[in-house]
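What follows is a single structure, written as structure tokens, with notes after it.
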Amino acid sequence: MIMVIEIIKAKYINDYKISFEFSDGVNQTVDFAPFLNSAQNSMTKKYLDKSEFKNFTIEFGDVIWNDYEMCFPIWDLHSGKI
């Protein structure tokens, strides 16, 4: 049997950090700053604006920004590395 891991809660902490609670009980804080600071794509770089960055939602157990304009593999978030 394969266990499906989902994000059940996500909370903005500060700067570019979000704390995630996963369906398997794991809690992880992910710092998106290195990813955003090295981004080359203007659609991604716009999330350096903290008001844009804070505007995420949880859909189908994953964190997304602006209708999947930016999203990440669930296992990367679960491991705390993007």
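Annotations
- Among residues of the stretch 34-45 that are among the hydrophobic types (A, V, I, L, M, F, W, C), those with a Cβ under 8 angstrom from a residue that is not in a helix (DSSP H, G or I), sequence gap 6+ or separate chain, pair up as Phe35/Ile82; Leu36/Tyr16; Met43/Glu69; Met43/Met70.
- For the chain, the helices (runs of 4 or more DSSP H) that sit wholly inside it and include 2 or more residues that are surrounded by 13 or more Cβ atoms within 10 Å (Cβ to Cβ) and under 10 Å from the mean Cα position of the chain (by Cα) are 74-79.
- Matching entry among Phe53, Phe60, Phe20 (being on the phi > 0 side of the Ramachandran plot and among the hydrophobic types (A, V, I, L, M, F, W, C)): Phe60
None of the figures in this text is laboratory data; all of them are computed from the coordinates on show. Note that this is a predicted model, so its numbers are computed, not measured. Heads up, the Cβs are rebuilt from the backbone with ideal geometry, glycines too, and the neighbour counts pull from every protein chain shown.
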